[in-house]
Amino acid sequence: MTAVFTAFLSLPVFAQAVKRAAFDVTHYTMDVALSPGDRKMTATVDVIFVPQEETRSVAFELNGSLKVDSITRVGSGPALPAGNLKTAPKGAPASTVTFVQDQTNSTDLGPHVRVDLGDTVTNGTPVTLRFKYSGILDGPAGGPLLTKRLAFVGDNLGYLMYAARWFPFHNYAADEATSEITISLPSGYQVIGYSDTPVAATGGKYHFVNARPSLPGNFAYGKFTVRPMTVNGQELQFFAKPGTDAQIASGRDELREEMNQQRRDRFFSAYMQKAKTNLKININQDMLAQVLGGPGSNAPSPAPIRSSGRPPIKR
């Protein structure tokens with residue numbers, strides 16, 4: 001009995017498995033405000049997704065440092081107030097849904113939000129959920145890595161990385177979606193990120209558009225000096241911190257060599273692929289048989305190797 005009891009106590013505590021319905025996120029519309037002085041993020045995010053099976057509930061990953069204030073389902077219920085995001089035009093109906101947020105790593109999903117949609121949604125029916133949440137992002141707590149800070153809101157600079165799960169998140173590195181993301185900061189800061197359209201700052205708001213499905217959510221901000229450069233005929237912009245002129249100059253040379261190497265690699269790969277596609281090998285079967293000494297070969301058999309009886313020569 002003692003052995004059994006001891007073994008029971010020594011069993012590792014495994015994260016509880018969460019049963020989750022399959023769905024596909026198709027679009028994000030995000031309105032994000034960053035407060036460097038408070039190291040705080042405040043966000044309103046509309047998520048359009050399509051269930052891939054009949055379900056009444058869905059679960060999204062979300063950084064455990066962020067607290068969800070409300071979730072509404074756009075498409076039913078009383079009219080929304082003015083000032084809605086693009087996915088919910090003025091007058092679009094919405095209803096508050098119930099949800100349970102787990103900000104810990106107590107399940108295999110990690111910090112997440114489970115949402116009850118209010119009724120059963122059939123396979124293939126698009127659903128829009130609006131999340132409102134906020135929180136302090138100044139350390140690794142709440143993220144997927146215990147010792148790595150993947151999102152940071154600081155006084156002089158900050159960054160948001162896709163892997164930090166700073167927005168309602170689904171199926172890491174697999175569920176691509178289009179997105180429209182607006183990030184607001186006090187004056188004096190600049191935001192860097194990818195966009196399919198030119199990014200213009202209007203009243204401290206930076207608008208990023210990904211018209212093609214991608215993994216969104218990688219940004220950095222700070223007080224930068226923009227230094228345009230031409231490297232190998234390509235126009236580039238360096239966002240430099242004050243006092244980094246020497247690093248910019250050396251970095252430009254390293255970048256030029258890296259771009260040259262990538263160009264050489266692409267050329268060689270394309271050349272080898274074309275050569276392989278057009279390569280034809282004609283084999284003369286009779287000649288091959290003679291070389292290998294196979295059936296039907298007229299090639300003489302190799303002479304046996306005989307020993308001369310002499311002792312080996314030492315060298």
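Here are the numbers for this structure:
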{"item": "Which numbered condition PRO216 fails, given (1) in contact (Cβ under 8 Å) with a residue 60 or more places away in the chain; (2) out of contact with any helix residue (DSSP H, G or I) (no Cβ under 8 Å at 6 or more places or on another chain)", "result": "(2)"}
{"item": "Filter result for the condition that a residue is crowded, with 17+ Cβ neighbours inside 10 Å and without any contact (Cβ under 8 Å) to a residue 60 or more places away in the chain, over TYR206, TYR189", "result": "TYR206"}
{"item": "Conditions (1) outside the structural domain of GLY158 (by TED's automatic domain parsing); (2) surrounded by 10 or more Cβ atoms within 10 Å (Cβ to Cβ); (3) in contact with a strand residue (DSSP E or B) (Cβ under 6 Å, 6 or more places away or on another chain); number of the one not met by PRO213", "result": "(1)"}
{"item": "Single residue of the range 226-252 satisfying the filter (part of a strand (DSSP E or B) and among the β-branched types (Val, Ile, Thr)) that is nearest to LEU157 (Cα to Cα)", "result": "VAL226"}
{"item": "Within the range 37-56, tally of residues that are among the acidic types (Asp, Glu) and within 23 Å of ALA151 (Cβ to Cβ)", "result": "2"}
{"item": "Flag if THR128 is surrounded by fewer than 23 Cβ atoms within 10 Å (Cβ to Cβ), at pLDDT 95 or above and closer than 22 Å to PRO213 by Cβ", "result": "yes"}
{"item": "Of the criteria (1) surrounded by fewer than 20 Cβ atoms within 10 Å (Cβ to Cβ); (2) touching an Asp or Glu at 6+ places or on another chain (Cβ under 9 Å); (3) closer than 21 Å to THR104 by Cα, which one LEU145 fails", "result": "(2)"}
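Here is a yes/no grid of residues against (1) at pLDDT below 80; (2) within 30 Å of LEU34 (Cα to Cα); (3) out of contact with any Cys (no Cβ under 7 Å at 6 or more places or on another chain):
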| site | (1), (2), (3) |
| --- | --- |
| ARG212 | no, yes, yes |
| VAL226 | no, yes, yes |
| ALA240 | no, yes, yes |
| GLU257 | no, no, yes |
| ASP265 | no, no, yes |
| LYS274 | yes, no, yes |
| THR277 | yes, no, yes |
| SER308 | yes, no, yes |
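The values are calculated or read from the model by the stated rules, or taken from the named source; none is laboratory data. Everything numeric in this text was worked out from a predicted model, so none of it was measured. FYI the Cβ positions are ideal-geometry reconstructions off the backbone, even for glycines, and counts take in every protein chain you see.
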